[in-house]
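Only one structure is covered here, and it is reproduced in the block below.
The values are calculated or read from the model by the stated rules, or taken from the named source; none is laboratory data. Since we're looking at a predicted model, the values are computed, not measured. With ideal geometry, Cβ positions are generated from the backbone for all residues, glycine too; neighbour counts draw on all protein chains shown. Side chains are part of the model used for accessible areas, which takes the heavy atoms of the whole protein and leaves out ligands, DNA and RNA. Shrake-Rupley method; radii C 1.70, N 1.55, O 1.52, S 1.80 Å.
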Amino acid sequence: MLFELSISIDRYWKALADTFIMVSTSAGIALLAGIPLAILLIVTAPGGFLESPRTNRAVGSVVNGFRATPFIVLLVALIPFTRLVTGTTIGVWAAIVPLAISATPFFARIAEVSLREVDPGLIEAAQAIGCKKWDIVRHVYLPEALPGIIGGFTITLVALISSSAMAGAVGAGGLGDLAIRYGYQRFDTQVMLIVIAVLIALVTIVQTAGDRVAHWLRSR
């Protein structure tokens, strides 16, 4: 090697694997829960085919409440719920709970914006030929908004990488935990710089891949 590592390379691989588990699992939950939430916000909005101002305001208020709460505050506030779900408040799986809860409303709002930008003329045309309401969602809203949804999901992934590193402050594991325990607490600059470089590389890979998929979908 060109230089000697201050800690074993196995620790870096373990931290990277922990980060991957946290981000991928939380992102999967956010995707599965965020799209239905975004659809609910769209169809219950004024002018939607299931217009319900009260439902829209109630769901929107909950979404906005979670979005307005800083992740580190949410992480601490959800400790009792995290313990109930996972049986512990530290480690990778404990971090997934607040990560998923934080990412879901964030992604839902982005997906809602993409769905809202679908051409109203397409919706009216589908209604004119007798399409059922949920067929319009499946065959008009989602396909037309897919590039924007993919772009929004990419942004969510990048935010989750950042949040997973922040979760290391409370013993969640991953690259953030490695940077805090070794880079900060033990004043090991080498570890800190390597973790930063890996995080930058991860974000770059995710953003590039997401942009290319979104571009491909738009050009079809």
Quiz item: Within the range 72-83, is there a residue that is in contact (Cβ under 8 Å) with a residue 40 or more places away in the chain and open to solvent by less than 70 Å² (accessible area, probe 1.4 Å)?
Solution: yes
Quiz item: Which ones in the range 177-220 are small (G, A, S) and in contact (Cβ under 8 Å) with a residue 24 or more places away in the chain?
Solution: A209, G210, A214
Quiz item: If you take the residues of the range 107-149 that are among the basic types (K, R) and modelled with pLDDT of 85 or more, which of them is farthest from A68 (Cα to Cα)?
Solution: R138
Practice problem: Of all residues in the range 165-187, count the ones that are within 20 Å of the chain's Cα centre (by Cα), open to solvent by 60 Å² or more (accessible area, probe 1.4 Å) and at positive phi. | Solution: 0
Practice problem: Quick one: in the range 188-218, of everything that is open to solvent by 60 Å² or more (accessible area, probe 1.4 Å) and either at pLDDT below 80 or of a type in the set (K, R) (or both), which residue is farthest from I72 (Cα to Cα)? | Solution: R218
Quiz item: Of all residues in the range 102-142, which are free of Cβ contacts under 8 Å to residues at least 12 places away in the same chain and exposed (fewer than 14 other Cβ atoms within 10 Å of the Cβ)?
Solution: P120, G121, E124, A125, A128, I129, G130, K132, W134, D135, R138
